Amino acid sequence: MTPQEFKEARRSLGLTLDQLGGMLGYSGEHVKAQVHKMETGERPVRSVQARLMQCYLEGYRPDDWST
């Protein structure tokens, strides 16, 4: 998944940077920055993150879904 596809997926799911960061396991004051770096290509989108995002796009919703 490219950085642009990752960003578009987050937006289509209606998630904020903070929400997605929390769902990916990031915490602390730099959650937004970590997701932003993935969306801009500064940080790679790892295969496990891409697979999880694809599951969300296909309708998977964990019990603690952010929206």
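The values are calculated or read from the model by the stated rules, or taken from the named source; none is laboratory data. Note that the coordinates shown come from a computational prediction; the quantities given were computed from them, not determined experimentally. Note that we place each Cβ from the backbone using ideal geometry, even for glycine, and neighbour counts take in every protein chain shown. The area values use the complete protein model at the heavy-atom level, side chains included, leaving out ligands, DNA and RNA. Shrake-Rupley method; radii C 1.70, N 1.55, O 1.52, S 1.80 Å.
Can you name every residue in the range 6-27 that is open to solvent by less than 20 Å² (accessible area, probe 1.4 Å) and over 13 Å from L52 (Cα atoms)?
At the first step, the residues of the range 6-27 found to be open to solvent by less than 20 Å² (accessible area, probe 1.4 Å) are 6, 9, 15, 20-21.
L15 - this is the single residue of the range 6-27 that is open to solvent by less than 20 Å² (accessible area, probe 1.4 Å) and over 13 Å from L52 (Cα atoms).
If only residues of the range 28-42 that are open to solvent by 60 Å² or more (accessible area, probe 1.4 Å) and under 13 Å from the mean Cα position of the chain (by Cα) are counted, the one that is nearest to E5 (Cα to Cα) is T40.
Residues of the range 1-50 that are within 17 Å of W65 (Cβ to Cβ) and charged (D, E, K, R): R10, R11, D18.
Among the residues making up the range 43-56, those that are assigned to a loop (DSSP other than H, G, I, E, B) and either in contact with an Asp or Glu (Cβ under 6 Å, 6 or more places away or on another chain) or surrounded by fewer than 17 Cβ atoms within 10 Å (Cβ to Cβ) (or both) are R43, P44, R46.
Report yes if G59 is in a loop (DSSP other than H, G, I, E, B), in contact (Cβ under 8 Å) with a residue 12 or more places away in the chain and surrounded by fewer than 12 Cβ atoms within 10 Å (Cβ to Cβ), otherwise no.
Values: in a loop (DSSP other than H, G, I, E, B): yes; in contact (Cβ under 8 Å) with a residue 12 or more places away in the chain: no; surrounded by fewer than 12 Cβ atoms within 10 Å (Cβ to Cβ): yes.
So G59 fails the test.
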